[in-house]
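**Student:** Dropping a structure here in structure tokens format, bear with me for questions.
The values are calculated or read from the model by the stated rules, or taken from the named source; none is laboratory data. Just so you know, these numbers come straight off a predicted model, no measurement behind them. All Cβ positions, glycine included, derive from the backbone under ideal geometry; neighbour counts span all protein chains shown.
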Amino acid sequence: MRDALEGSQAIARAVSLCKPDVVAAYPITPQTHIVENLSKLVAEGDLHTEFVSVESEFSAASVVLGAAAAGARAYTATASQGVLLMAEVLFNIAGMRIPLVMTVANRAVSAPLSIWNDHGDSMAVRDSGWIQLHAADNQEAVDTTIQAFRITQETELPVMVCMDGFILTHTMEVIDLPDQATVDAFLPPFEFARKLDPQDPKSLGTLVDPGFFAEVRHSHHAAMAKALSVIADTDSAWESATGRACGGLLTVEGDKDAAVGIVAMGSTTGTLRAGMAHHPDAGPARLIKLRSFRPFPAQALIEATDGLDHLIVIDRAISPGLGGILGTEIAAALADVPNAPKIHNHALGLGGRDIPETIYADLMAAVTDPDAPLVFDADMAKLAPEDR
Amino acid sequence: MTVLTRGAYAAPGTSLNFKTGNWRSTEKPVHIHAKAPCHAACPAGEDQQAWFAKMQEGHAQEAWLNLVTANPLPAVTGRVCPHPCETACNRAAIDGALAIHNVERWLGDEAIARGWEYPVDAPAPDAPAVAVIGAGPGGLSAAYHCLRRGLKAEIFEALPEAGGLLRSGIPRTRLPRETLNAEIERLLALPGITLRLHTRLGRDVSLDELNQSHAAVLLAPGCQESKHWDVQGAVPSDLHEGLALLREFMDHGAFPEARNVVVHGGGNTAVDLCRLMKRAGSEHVTLITASGLPGPGTDPDDIINVVPRELEEALEEGIEILDHATVNRLIMKGSKVTGVEVVSLKKEPGSDGRKRRVSFEGTERVLPADMVIPCIGERVDPEGLNHLLDGNYFWPGTPWGKLEDGVYGIGDARGDRGTVAGAIGDGAKAAEAAATYIAGGQDPQLDTREEMPAAGLNPVYYALSPRAEPPKVPPDARDFGTEIEGDIGRDAAMAEAQRCLSCGNCLACDNCWTLCPDNAVIKTQELASDGSHYLFDLDYCKGCGLCAHECPTGYIQMVPETA
């Protein structure tokens, strides 16, 4: 059913459709409306779940870890400092191969304190072993959330659904929410083979001596590689069920014959799409919307960038001392590709800096500027000369 | 080859397979039920910690039943004892020692009021009989403890009434007659005790006869003869000697009149006399004692041997005390005293190198006095037992008091005692030794457990709470008949019990069980063999000592691994 919903509200409804057994979350801007809407659904009797009010994100993550280990479908959501406070538990969840879904309403990480959007938070835990899927708009966020519950069950890898804080979470959009029957048919009941059972006791998170640790990490890495096809297949299955897809691992759009390509994640892709449409003088580009950041779809990226002379990679986070994270990873993925495109990596929209449509033309022009800065939209006039 | 479960889930029992106990290298925890300092200090052998524990559970009668396994006269000792238990109490350093004597007194009074029965059975008709000389606190205790050990007891008392020094030497303001009579009557009514009054050893019955007719003889004659007192050979013709004067007052209620009184001595009798003379109208009453007054600079062995609260009350009532002093000369007019020359004492090494107190020349001063009362102590009346004395006293040398086979000495007559509680404790020990002797065994074993020092406790687990204070008659309202210290009452007694730190004994607080990082403390439903509810699982105890450190009472101690 199509309805005008705020992003957070839509996510809460989507989570509700997946019938979680346990929800535990601690409010933090810009994720708060998701938790509020979930508790409202519970209060109004529309969602039957164990809603655990916790005192911190560390507890929220710990509660859903325990709940899932005990065989419950569990959900949490957070952002920014909340992600960092959860960090220890997030590594444990992934390492113990616990099926879980978490929404990250992407927000910059302090300091300086910023409540606004960038990808610094989810990037900070990119090596935690979670699947990280980025939604480009709220419909994708809804669809990806429902898919995430199926992916996590199938892969026994926790799934982080990343959506840009405020830009998506606080924006009203017409959303097509699937009906319950569709979701029930798409999403099998939660089963977890290794669930805790007093009749068949198991120990989780125990000490592993050096003779086994490497094997555990190898198996985790291998599971991530296998998850690539699960993510793609699940999106296809969703398309069969609803007629809508989110683009599997990545989507190629725009001018497929253009010599310049642009890769981006999340809501930036929508801005670029509009920029390209409204600034034809800047020239055409092949637009690559990357949905799966972890597992990293290197082969799909090689194929998607085939024939390009230039590839602009947009990061919404920065690794100080290295540069763009996505850009560096794509450069590594294309390193052995003959005639690989020249990579132009820029960080944009940090800490909620607005990305206007005109950025498209600026980025296209910068392809020929060897001195174009990494932080593309930084205004040097705001810095003392010695800090530039 | 071990195949890993996804997510490195481990097979159950993994943590139990890690026997962290083999990390332990030097020390292991053990439960040690050390003596509480009150118990160690109690001359009567009471375990105050044990009966306070019953009080803490709300069981006053059980507390009394525990108390009287050692001391059958708590209503008496709760009033007259100098309570070394309170001096020793580990709580003294925190927020004040427990008011043990007040609670003991309340329990004793409660037992009398409610008729709680002593936990003794009538001895068998053919049980051996023990002769007890003297019906003072030592003799009464000895007879009672004979009963507890299945023996009959026959008490021989020279006077027309039982009570000994309790009756003749302690003013009613400290020990009301009603209380004394009630408690003694209850004791003497126990089946198996016979009391022969007006029967004096040496006059009416001899030790040889008693040795023939009884399985053992317990001697608690007390000290009835005043020691000779003079000052450089001078003795006033109208000399009133301390204990005799006190007895006279107790019997007739009157004192000789005197304006300026000097009492020479340093015990309870001396202080009692000072207070009674003052109350009887004497203007100045001065106590001259070679001992020191309690204070930070005074060696504990040098402090005047008086119930501390009695000393406080005496000072309140205006008694002047000249400590570290002695009577140097009597100033006589004819054979009557008109003044006393006092000299201070100082410590000087003698020929053997040990320091002793000698006159400090130049400190002499004169006090006007129309009466001097010596209270320098009493000796055993040697009639009928002279061959057992070593000088003035028995000096038996062991806690059991053995003087000859089957003959034991008790109480003040031993020479190394001086309190009612000491006599009561002697009575218990002599009865125990006599019972063992009658059964053909050797002297019993002493309880050699260590005492729990304050440093062995972890006081952070106790909430501060002030010591209970009893009501008192104000100094100017004190008379000759009204008891000065009052009753604290049930509520205060029960609340005071909650202040007991349980030194050395398990509180069942669960600290060890909660805090053990290896779950090596196992909680048991039933009492473990050591009486606690906890066991150490040494397979998993890595010897960190956390339990011992966090044990509030010092019940858990780390001992060498080989111990």
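**Student:** Identify all residues within the stretch B:1-54 that are on the phi < 0 side of the Ramachandran plot, in a helix (DSSP H, G or I) and within 14 Å of another protein chain (Cβ to nearest Cβ); write none if there are none.
**Tutor:** B:Arg6, B:Thr14, B:Ser15, B:Leu16, B:Asn17, B:Thr20, listed by residue number.
**Student:** Sticking with this structure for a sec: Can you tell me which of (1) within 14 Å of chain B (Cβ to nearest Cβ); (2) at pLDDT 95 or above; (3) in contact with a strand residue (DSSP E or B) (Cβ under 7 Å, 6 or more places away or on another chain) is the one A:Cys162 doesn't meet?
**Tutor:** Result: A:Cys162 fails condition (1) only.
**Student:** Would you pick out the residues in the stretch A:29-85 that are of a type in the set (Lys, Arg) and in contact (Cβ under 8 Å) with a residue 40 or more places away in the chain?
**Tutor:** Within the stretch A:29-85, just A:Arg73 meets the criteria.
**Student:** Looking only at residues in the stretch A:164-203 that are of a type in the set (A, V, I, L, M) and in a loop (DSSP other than H, G, I, E, B), which one is nearest to A:Asn138 (Cα to Cα)?
**Tutor:** Taking the candidates together, the pick is A:Leu168.
**Student:** Output the residue which, of all residues in the stretch A:171-195 that are under 19 Å from A:Asp3 (Cβ atoms) and buried (at least 18 other Cβ atoms within 10 Å of the Cβ), is farthest from the other protein chains (Cβ to nearest Cβ).
**Tutor:** A:Ile175
**Student:** Still on this model: Anything in the stretch A:75-94 that is over 16 Å from A:Leu157 (Cα atoms) and in contact with a strand residue (DSSP E or B) (Cβ under 7 Å, 6 or more places away or on another chain)? List them, or say none.
**Tutor:** Within the stretch A:75-94, A:Ala77, A:Thr78, A:Ala79, A:Val83, A:Met86 meet the criteria.
**Student:** Give me the pairs: first residue in the stretch B:163-184 and more than 21 Å from B:Cys223 (Cα to Cα), second residue among the aromatic types (Phe, Trp, Tyr) and assigned to a loop (DSSP other than H, G, I, E, B), beta-carbon distance under 7 Å, and six or more apart or on different chains, which are they?
**Tutor:** Every condition considered, the pairs that remain are B:Thr173/B:Phe480.
**Student:** A further question on this structure: Could you tell me which of the residues B:Glu317, B:Glu313 is surrounded by 19 or more Cβ atoms within 10 Å (Cβ to Cβ) and within 30 Å of the chain's Cα centre (by Cα)? Quick ask: steps written out before the conclusion?
**Tutor:** Working: B:Glu317 fails: surrounded by 19 or more Cβ atoms within 10 Å (Cβ to Cβ).
Only one candidate passes the filter, namely B:Glu313.
**Student:** Scanning for something more than 14 Å from chain B (Cβ to nearest Cβ) and touching a residue at least 40 places away in the same chain (Cβ under 8 Å), does the stretch A:86-95 turn up at least one residue?
**Tutor:** Yes, that holds for at least one residue.
**Student:** Could you count how many residues in the stretch B:62-87 are at pLDDT below 95 and either outside any helix (DSSP H, G or I) or of a type in the set (A, V, I, L, M) (or both)?
**Tutor:** Residues flagged as at pLDDT below 95 and either outside any helix (DSSP H, G or I) or of a type in the set (A, V, I, L, M) (or both) within the stretch B:62-87 amount to 4.
**Student:** Also, I was wondering about something else. State the number of residues belonging to the stretch B:236-253 that are surrounded by fewer than 19 Cβ atoms within 10 Å (Cβ to Cβ), touching a residue at least 24 places away in the same chain (Cβ under 8 Å) and aliphatic (A, V, I, L, M).
**Tutor:** 2
**Student:** Show the residue pairs meeting these rules: Cβ distance below 9 Å; 6+ apart or different chains; first residue within the stretch A:120-132 and farther than 27 Å from A:Arg353 by Cβ; second residue among the acidic types (Asp, Glu) and surrounded by 20 or more Cβ atoms within 10 Å (Cβ to Cβ).
**Tutor:** So the pair list comes out empty.
**Student:** If you check every pair at least six apart or on different chains, which have Cβ atoms under 6 Å apart with a residue in the stretch B:358-372 that is in the same structural domain as B:Ala290 (by TED's automatic domain parsing) first and a residue that is of a type in the set (D, E, K, R) second?
**Tutor:** Cβ pairs passing all conditions: B:Val358/B:Glu348; B:Phe360/B:Lys346; B:Glu364/B:Glu341; B:Val366/B:Glu341; B:Asp370/B:Arg259.
**Student:** Looking at B:Leu210, B:Leu218, B:Leu201, which one is closer than 25 Å to B:Cys81 by Cα and buried (at least 16 other Cβ atoms within 10 Å of the Cβ)?
**Tutor:** B:Leu218
**Student:** Within the stretch B:380-391, identify whether any single residue is at positive phi, assigned by TED's automatic domain parsing to the domain that holds B:Thr173 and under 28 Å from the mean Cα position of the chain (by Cα), and answer yes or no.
**Tutor:** Yes, the stretch B:380-391 contains a residue that is at positive phi, assigned by TED's automatic domain parsing to the domain that holds B:Thr173 and under 28 Å from the mean Cα position of the chain (by Cα).
**Student:** Could you check B:Ile184 against (1) under 22 Å from the mean Cα position of the chain (by Cα); (2) within 23 Å of B:Val407 (Cβ to Cβ); (3) not in a strand (DSSP E or B) and say which number it fails?
**Tutor:** (2)
**Student:** How many of the residues in the stretch A:329-388 are in contact with a strand residue (DSSP E or B) (Cβ under 9 Å, 6 or more places away or on another chain), of a type in the set (A, V, I, L, M), part of a loop (DSSP other than H, G, I, E, B) and modelled with pLDDT under 95?
**Tutor:** 3
**Student:** Going through the stretch B:482-519 one residue at a time, which ones are under 22 Å from B:Ala92 (Cβ atoms) and out of contact with any helix residue (DSSP H, G or I) (no Cβ under 8 Å at 6 or more places or on another chain)?
**Tutor:** B:Ala495, B:Leu507
**Student:** Out of (1) crowded, with 24+ Cβ neighbours inside 10 Å; (2) in contact with a strand residue (DSSP E or B) (Cβ under 6 Å, 6 or more places away or on another chain), the odd one out for B:Pro74 is which?
**Tutor:** (2)
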